[in-house]
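The values are calculated or read from the model by the stated rules, or taken from the named source; none is laboratory data. All values reported here derive from a predicted model rather than from experimental measurement. Neighbour counts are summed over all protein chains in view; Cβ atoms, including those assigned to glycine, are modelled from backbone coordinates with ideal geometry. Calculation scope for accessible area: heavy atoms of the full protein, side chains included, ligands and nucleic acids excluded. Shrake-Rupley method; radii C 1.70, N 1.55, O 1.52, S 1.80 Å.
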Amino acid sequence: MSLLSIESLEVRHGLLRAVREVSFTVDEGEVVAMVGANGAGKSTLMRAVAGAHRPADGRIRLDGVDVTARRAHDRVAAGIALVPEGRRLFADLTVEENLLVASRVKRSGPWDLAAVLAAFPLLDGLLKRRAGNLSGGEQQAVAIGRALMTNPRLLLLDEVSLGLAPIVVDTLYQSLGTILSGGTTVLLVEQDLGRALGVSRRVLCMLEGRVVLDESADAVTREQVVDAYFGLSRAKGGGAANPATAVPEESEREPA
Ligand code: ATP
């Protein structure tokens, strides 16, 4: 059975349908990457799965149990942990306090303070530092560590590399490699397609609120993902844009 099952999910911001009739599943132990342009609905979807945004319609199931109506903290207790875009740490608390706050709703499992420090060597010696004084990469490591401290069954990572220098992202992804190889089920939003395909077994692409591509990372080509990202039906011989950096232009779209 799938660990996460999303059925016909509809999530709105006022009248805006940010997520439209989205359905997909994530199996236990699977790492699934989600890509898509700015505003495609990725963060809204992640927040809805975590319980931070109530869907207008549809169902979210964790291991077969309908959690759609559950509050965010109940979902953490059930095993869903979100590392939100922008990290959202308690800036005035220390690193240790940020990590320990999460363990108040801790499920039993392998993740504790020592395990987080082992996975993120860049946090070595920083436990007593205020989170607000850390670098972006260190803060992101704390944010991921905080989510791990709850011993999630499903880890949701929303753009962990956003705004960080490539060398810092490399370090974070090294740590993530350890976490992913440990069998944690992960749904991650990543704008860098190379990194997304590098760590995941499957890739989903969102466009204007819908999932327009859901393929195995081994089988899908970069061009297919780029086409889905831009909503294009590629002309033969067309050069592939880099979805990590490019912004879709109206002129690149096919006529409706
Ligand atoms: P990004 O990569 O820029 O974060 P995204 O794919 O995560 O993009 P969302 O942030 O989910 O997309 O946004 C989906 C749509 O919902 C966009 O049109 C966005 O402007 C809108 N939106 C997001 N948050 C809000 C909000 N709090 N209030 C109103 N509209 C919102």
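Summary table below
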| item | result |
| --- | --- |
| Candidates G14, G64 - the one that is open to solvent by 10 Å² or more (accessible area, probe 1.4 Å), at positive phi and within 13 Å of the ligand (Cβ to nearest atom) | G14 |
| Contacts under 7 angstrom Cβ, first residue in the range 32-60 being more than 21 Å from A228 (Cβ to Cβ), partner charged (D, E, K, R) and within 13 Å of the ligand (Cβ to nearest atom), 6 or more apart | H53/R47; P55/E10; A56/E10; A56/R12; D57/E10; G58/E10 |
| Among (1) outside any loop (DSSP other than H, G, I, E, B); (2) on the phi > 0 side of the Ramachandran plot; (3) surrounded by 17 or more Cβ atoms within 10 Å (Cβ to Cβ) - the single one E21 does not satisfy | (3) |
| Contacts under 8 angstrom Cβ, first residue in the range 69-90 being acidic (D, E), partner outside any helix (DSSP H, G or I) and within 16 Å of the ligand (Cβ to nearest atom), 6 or more apart | D74/G51; E85/D158; E85/E159; E85/L162; E85/V189 |
| Given (1) at pLDDT below 95; (2) on the phi > 0 side of the Ramachandran plot; (3) open to solvent by 70 Å² or more (accessible area, probe 1.4 Å), index of the condition G29 fails | (3) |
| Among the candidates G86, G41, G36, residue that is open to solvent by 50 Å² or more (accessible area, probe 1.4 Å) and within 13 Å of the ligand (Cβ to nearest atom) | G86 |
| Residue ID - farthest from the chain's Cα centre (by Cα), chosen from residues in the range 174-190 that are of a type outside the set (A, V, I, L, M, F, W, C) and at pLDDT 85 or above | T184 |
| Pairs with Cβ under 6 Å, 6+ apart, first in the range 190-219 and of a type in the set (K, R), second assigned to a strand (DSSP E or B) and open to solvent by 30 Å² or more (accessible area, probe 1.4 Å) | R202/S216; R210/R20 |
